[in-house]
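The values are calculated or read from the model by the stated rules, or taken from the named source; none is laboratory data. Small disclaimer: the values here were computed from a predicted structure and weren't measured. Here Cβ is always computed from backbone atoms with ideal geometry, including for glycine, and neighbour counts include all displayed protein chains. In case anyone asks, the SASA skips ligands and DNA or RNA and just uses the protein heavy atoms, side chains included. Shrake-Rupley method; radii C 1.70, N 1.55, O 1.52, S 1.80 Å.
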Amino acid sequence: MSGKKNGRERQNLPGIAGIGAAVPEHVLTNAELEKLVETSDEWIVSRTGIRERRILEECEDPTKLGVEAARQAIKAAGITPQELDFVITATNLGTMPIPGSSPFIIQELGVGKDIPFFDLLAGCTGFVYSLKVASDLLNSGDYKNILIIGLEALSRFTDWTDRSTCVLFGDAAGAAVISRMPEGRGVISSCLSGDSSQWDVLFMDGGGTKFPASEKTINNKMHYLKMTGGGVFKSAVRMMEDTTERALASAGLGKEEVDWVIPHQANMRILKAFAERCGIPMEKVITNLDRYGNTSTASIPLALTEAVADGRVKKGDLLVLNAFGAGVTYGAVVLRW
Ligand code: UT7
């Protein structure tokens with residue numbers, strides 16, 4: 001825990017009052033993937049750091065992951081679902097294209113009144129974007145407890161014959177309740193960005209308004225994620241470094257004061273290269289992608305939930321949450337836990 005506090009920390013800032021996460025029970029190992037596509041455990045582990053991931057069964061509704069993660073976050077925040085006054089679900093593809101995922105989660109939680117909600121589409125950066133949006137909404141003075149959720153059922157639009165993508169992703173949900181925190185805790189600064197010129201490194205083109213679902217889009221596999229992995233890789237390290245440095249500078253804090261970085265879990269090599277470039281020891285970077293793979297918007301709250309539960313992240317610690325993803329979007333948030 002670092003002791004120095006900057007000016008902004010002397011206010012009651014918006015912050016994460018409670019956090020939670022959920023993953024499906026079914027484990028898909030690298031050995032099982034070896035039977036599906038031409039790959040090997042050795043390739044996957046050495047190129048990505050991933051050993052296994054959790055995948056929804058065909059009969060399972062992804063909503064239940066979001067609800068489970070949200071229930072944990074609400075309990076940890078010490079409030080009831082009825083005290084929520086806004087819900088944002090960050091996801092790459094909603095439970096239904098219309099109306100998304102949020103209404104289904106709200107229904108199951110039993111919020112019991114009309115509240116505003118929307119789904120947020122910002123690729124894997126969705127949780128970081130949602131945290132910034134929720135903090136600003138709270139600062140407007142109109143809301144007290146905002147539930148943000150990262151919910152992904154990536155297995156539902158993964159091409160299980162494409163070895164370059166199917167080994168990477170997993171299903172999961174993570175949630176956080178954003179409320180005003182006691183003095184000295186909460187979101188100190190943030191930096192969001194995006195490079196729209198790189199939209200084509202990661203996309204799914206079928207089923208939108210340009211290519212509505214048709215026999216042709218299905219035959220051309222346009223309802224699956226497509227990725228130029230190398231393109232994402234190259235930009236990711238620079239983007240994570242850039243927003244981390246800018247967010248820390250805006251907070252008036254130095255890298256040496258950071259207790260933990262909780263990054264989007266995309267690839268162990270990306271995380272190591274980022275840590276090296278930033279001069280942050282890898283021991284301060286929380287990773288769990290060996291067990292869950294890349295769970296997109298859910299990866300940061302999932303990693304943070306585990307790190308809080310096992311006592312690594314403690315009250316007063318200075319955290320950096322950073323991510324990059326489809327769009328290409330990227331961003332970082334600096335907060336005092
Ligand atoms: O959350 C944000 C979204 N995405 C990401 O963050 C992904 C970022 N990118 C990456 O993590 C890496 O680029 C990958 C792990 C996807 C790929 O690693 P790479 O070192 O960039 O490999 P590559 O794409 O350059 O492929 C190297 C070779 C190729 O074979 P050739 O052309 O050299 O003969 C691929 O065909 O590895 C081959 N390959 C595989 N081999 C075995 C690709 N996927 C596999 C596989 N198993 N699963």
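Taking Met239 as the residue in question, decide whether it is outside the structural domain of Asp119 (by TED's automatic domain parsing) and either open to solvent by less than 10 Å² (accessible area, probe 1.4 Å) or in a helix (DSSP H, G or I) (or both). It is true that Met239 is outside the structural domain of Asp119 (by TED's automatic domain parsing) and either open to solvent by less than 10 Å² (accessible area, probe 1.4 Å) or in a helix (DSSP H, G or I) (or both). Scanning region 195-211 for residues that are surrounded by fewer than 24 Cβ atoms within 10 Å (Cβ to Cβ), away from the ligand (no atom under 16 Å from the Cβ) and among the β-branched types (Val, Ile, Thr) turns up at least one hit.
For (1) acidic (Asp, Glu); (2) surrounded by fewer than 24 Cβ atoms within 10 Å (Cβ to Cβ), each residue gets a yes or a no:
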residue: Met96; (1), (2): no, yes
residue: Ser101; (1), (2): no, no
residue: Gly110; (1), (2): no, yes
residue: Tyr129; (1), (2): no, no
residue: Asp136; (1), (2): yes, yes
residue: Lys144; (1), (2): no, yes
residue: Ile149; (1), (2): no, no
residue: Phe157; (1), (2): no, yes
residue: Ser164; (1), (2): no, yes
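For region 269-290, the count of residues that are in contact with a Cys (Cβ under 8 Å, 6 or more places away or on another chain) and either closer than 30 Å to Leu56 by Cβ or within 10 Å of the ligand (Cβ to nearest atom) (or both) is zero.
Look at Gly184 and say whether it is open to solvent by less than 50 Å² (accessible area, probe 1.4 Å), in contact with an Asp or Glu (Cβ under 8 Å, 6 or more places away or on another chain) and more than 30 Å from Ile55 (Cα to Cα). Can you show your working first?
Numbers: open to solvent by less than 50 Å² (accessible area, probe 1.4 Å): yes; in contact with an Asp or Glu (Cβ under 8 Å, 6 or more places away or on another chain): yes; more than 30 Å from Ile55 (Cα to Cα): yes.
In short, yes.
Going through region 212-236 one residue at a time, which ones are aliphatic (A, V, I, L, M) and either surrounded by fewer than 16 Cβ atoms within 10 Å (Cβ to Cβ) or more than 20 Å from the chain's Cα centre (by Cα) (or both)? Show your work before the answer.
Looking only at region 212-236, we keep the residues that are aliphatic (A, V, I, L, M), and these are 213, 218, 222, 225, 227, 232, 236.
If the condition is that a residue be aliphatic (A, V, I, L, M) and either surrounded by fewer than 16 Cβ atoms within 10 Å (Cβ to Cβ) or more than 20 Å from the chain's Cα centre (by Cα) (or both), then Ala213, Ile218, Met222 are the ones that fit.
Annotation note: of Thr91, Thr29, Thr80, the sole residue that is of a type in the set (Ser, Thr, Tyr), open to solvent by 30 Å² or more (accessible area, probe 1.4 Å), within 16 Å of the ligand (Cβ to nearest atom) and under 24 Å from the mean Cα position of the chain (by Cα) is Thr29.
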